[in-house]
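Since the structure comes first, as structure tokens, the remarks are kept for the end.
The values are calculated or read from the model by the stated rules, or taken from the named source; none is laboratory data. Since we're looking at a predicted model, the values are computed, not measured. Backbone-built Cβ (ideal geometry, glycine too); neighbour counts: all protein chains shown.
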Amino acid sequence: MTEHAGRYAPSPSGDLHFGNLRTGLIAWLFARQSGRKFLLRVEDVDTQRSTIDSAHRQIDDLLTLGLTFDGDILYQSERSHAYQRALDLLTSHGHVYECYCSRREIQEAPRAAHHVPGSYPGTCRELSDAERDERREALAREGRSPALRLRSEVDTFTIRDFYHGDYTTEIDDFVLRRGGQNTDWAYNLAVVVDDGFQHIDQVVRGDDLLPSTPRQAYLASLLGLSAPEYVHVPLVVNQAGQRLAKRDGAVTLREMLLHEPVHHIIEKLAASLGYPGVSTLKKLLEVFRPEDLPREPLVWR
Ligand code: GLU
């Protein structure tokens, strides 16, 4: 039997705020309305920024709000073996190469005019074995390891998004495992492997991730995984139009709960989705209509 599941996948680098909760709530509404399971995944692949304490606080926050999850919580920090298997598979098909470039070298490399800013210009893609040995040794002397990049065989890739329709970006040779002193798995690899492993067929998340999505869908295709349905939703932003963050005032659930009960916060969330006066998740589940979701970023006041 095919499983159908959606998910919420926060990165545990701070308490959940109104914007995170709104996205999580929309993901929950999409999953529950379509009869999917709803899974929670802790995206702690970035070991420099994630803490287990933060993960536990976020889980408590979601439960406080009343969101319900199915199955076990998946922690990316426990999934290295799966990422390594995916990397081995890609390597066996010639899809992986080492990259010795520093961030600065990438920024300063000449590229054709149409390239997306920050995309990788392919500097290390065609090095000879001798050149690789030399550059690897030079890095090792500084105590650093090379990054691993995907040898992309396409120029662009197109995904379909519920709100954005067909969406195409350039596909560069993006990072699969970081280099330097801290060889963390790259988010783009982890998210694809885990969505496949968890049978996620609906990804609802903030639209700041839309630009990375064609890369992820391309990687999924190389790993023999089918791409999920994508639903990228507008973010909550501050007065300057930037993604809401802790510095924007009392924005976390815990801070808000110091001054108001949880049903007020649910009411605010529901109003932000276009349903003023709704103060329970049960009612919101009945009235929520995906096609009516406001398409503009929500400005926090
Ligand atoms: N971990 C990401 C975040 O917190 C979400 C990634 C995803 O939903 O694919 O922004």
Output for region 58-84, where each listed residue is assigned to a helix (DSSP H, G or I) and without any contact (Cβ under 8 Å) to a residue 60 or more places away in the chain: Gln58, Ile59, Asp60, Leu62, Leu63, Ser77, Glu78, His81, Gln84
Search result, residues across region 184-201 that are touching a residue at least 60 places away in the same chain (Cβ under 8 Å), within 12 Å of the ligand (Cβ to nearest atom) and surrounded by fewer than 21 Cβ atoms within 10 Å (Cβ to Cβ): Tyr187, Gln198
Residue that is farthest from Asp208 (Cα to Cα), among those in region 258-301 that are surrounded by 13 or more Cβ atoms within 10 Å (Cβ to Cβ) and among the small types (Gly, Ala, Ser): Ser279
In region 86-100, the residues that are free of Cβ contacts under 8 Å to residues at least 24 places away in the same chain and either touching a Phe, Trp or Tyr at 6+ places or on another chain (Cβ under 8 Å) or loosely packed, with under 13 Cβ neighbours inside 10 Å (or both): Asp88, Ser92
Matching option when the condition is at pLDDT 95 or above, within 14 Å of the ligand (Cβ to nearest atom) and of a type in the set (Phe, Trp, Tyr), among Phe69, Phe38: Phe38
Only listed residue being more than 13 Å from the ligand (Cβ to nearest atom), free of Cβ contacts under 8 Å to residues at least 40 places away in the same chain and either of a type in the set (Gly, Ala, Ser) or touching a Phe, Trp or Tyr at 6+ places or on another chain (Cβ under 7 Å) (or both), chosen from Ser226, Ser212: Ser226
Whichever residue in region 1-22 is assigned to a helix (DSSP H, G or I) and within 18 Å of Ile73 (Cβ to Cβ) and, among such residues, is farthest from the ligand (Cβ to nearest atom): Leu21
Condition broken by Thr123, with the remaining ones in (1) within 28 Å of Leu74 (Cβ to Cβ); (2) outside any strand (DSSP E or B); (3) of a type outside the set (Asp, Glu) satisfied: (1)
Per-region count, region 149-189, residues in contact with an Asp or Glu (Cβ under 6 Å, 6 or more places away or on another chain), in a strand (DSSP E or B) and not hydroxyl-bearing (Ser, Thr, Tyr): 3
Filtered residues of region 236-293 (kept if free of Cβ contacts under 8 Å to residues at least 24 places away in the same chain, hydrophobic (A, V, I, L, M, F, W, C) and out of contact with any helix residue (DSSP H, G or I) (no Cβ under 8 Å at 6 or more places or on another chain)): Ala240, Leu258, Ala271, Val287
Qualifying residue in region 72-91 (condition: in contact with a Lys or Arg (Cβ under 8 Å, 6 or more places away or on another chain) and of a type in the set (S, T, N, Q)): yes
Failed item in (1) away from the ligand (no atom under 14 Å from the Cβ); (2) surrounded by fewer than 18 Cβ atoms within 10 Å (Cβ to Cβ); (3) closer than 29 Å to Pro294 by Cα, with Ala245 passing the rest: (1)
Condition met for Thr64 (at pLDDT 95 or above and over 21 Å from the mean Cα position of the chain (by Cα)): yes
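For Val203, indicate whether it is at negative phi, under 13 Å from the mean Cα position of the chain (by Cα) and of a type in the set (Val, Ile, Thr). Can you show your working first?
Numbers: at negative phi: yes; under 13 Å from the mean Cα position of the chain (by Cα): yes; of a type in the set (Val, Ile, Thr): yes.
So Val203 fits the description; yes.
Are any of the residues in region 137-145 in contact (Cβ under 8 Å) with a residue 60 or more places away in the chain and either outside any strand (DSSP E or B) or farther than 25 Å from His93 by Cβ (or both)?
Restricting attention to region 137-145, the residues satisfying the condition of being in contact (Cβ under 8 Å) with a residue 60 or more places away in the chain are none.
For region 137-145, residues in contact (Cβ under 8 Å) with a residue 60 or more places away in the chain and either outside any strand (DSSP E or B) or farther than 25 Å from His93 by Cβ (or both): absent.
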